[in-house]
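Step one of this worksheet: look at the structure below.
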Amino acid sequence: MTEVIRNAFWGGQIEAVLKEIAREASICHVKLLEPGMVEAVLHNDEVACGSTNPMAFKKMRELLMLGFVIREKAMDRLGAVEGAQLAQTIRDALVAKLGDRLGGRH
């Protein structure tokens, strides 16, 4: 697999999961970019939710866990530096686009 195809594949995987996490976070009114919020969601702490939507919260939590798995696999395939750069680029793009809804802009 060429570098471009590999990067596009892993970039697409990471981007799709992050977009869906952002969508579910918006539904739940969870400010994921604020300190401690990702950890609270991963620990199944629904108090982090600004609204009551158990299904959306559950999906967001599962997607967060999936995101960590995909990130690790991307780093295994692409290398730690390239995988981290790819994930950071996608995260930065999402923060620029959705940061106000996720607690990333004040």
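Under the condition of being of a type in the set (A, V, I, L, M, F, W, C) and either surrounded by 14 or more Cβ atoms within 10 Å (Cβ to Cβ) or touching a strand residue (DSSP E or B) at 6+ places or on another chain (Cβ under 8 Å) (or both), which residue from the range 53-69 is nearest to residue 91 (Cα to Cα)?
Within the range 53-69, the first condition is being of a type in the set (A, V, I, L, M, F, W, C), and the residues that meet it are 55-57, 60, 63-66, 68-69.
Pick out the ones that are also either surrounded by 14 or more Cβ atoms within 10 Å (Cβ to Cβ) or touching a strand residue (DSSP E or B) at 6+ places or on another chain (Cβ under 8 Å) (or both) and you get 56-57, 60, 63-64, 66.
Numbers: 56: 21, 57: 20, 60: 16, 63: 15, 64: 13, 66: 15 Å.
Restricting to residues being of a type in the set (A, V, I, L, M, F, W, C) and either surrounded by 14 or more Cβ atoms within 10 Å (Cβ to Cβ) or touching a strand residue (DSSP E or B) at 6+ places or on another chain (Cβ under 8 Å) (or both), the top hit is 64.
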How many residues are under 17 Å from residue 97 (Cβ atoms) and of a type in the set (Gly, Ala, Ser) when one looks only at the range 20-64? 3
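So which helices (runs of 4 or more DSSP H) stay within the range 9-106 end to end and still have 1 or more residues that are among the small types (Gly, Ala, Ser) and touching a Lys or Arg at 6+ places or on another chain (Cβ under 7 Å)? Spell out how you get there, then give the answer.
Details: elements: 37-42, 54-78, 80-102.
In the range 9-106, the matching helices (runs of 4 or more DSSP H) lie at 80-102.
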Can you tell me which residue within the range 41-52, out of those that are free of Cβ contacts under 8 Å to residues at least 12 places away in the same chain and under 16 Å from residue 26 (Cα atoms), is surrounded by the fewest Cβ atoms within 10 Å (Cβ to Cβ)? 47
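A short reminder: the numbers here are calculations on the coordinates, not readings from a lab. Please read these numbers as outputs of a predicted model, since none were measured by experiment. Don't worry about glycine lacking a Cβ; one is built from the backbone with ideal geometry, like all the others, and counts go over all protein chains shown.
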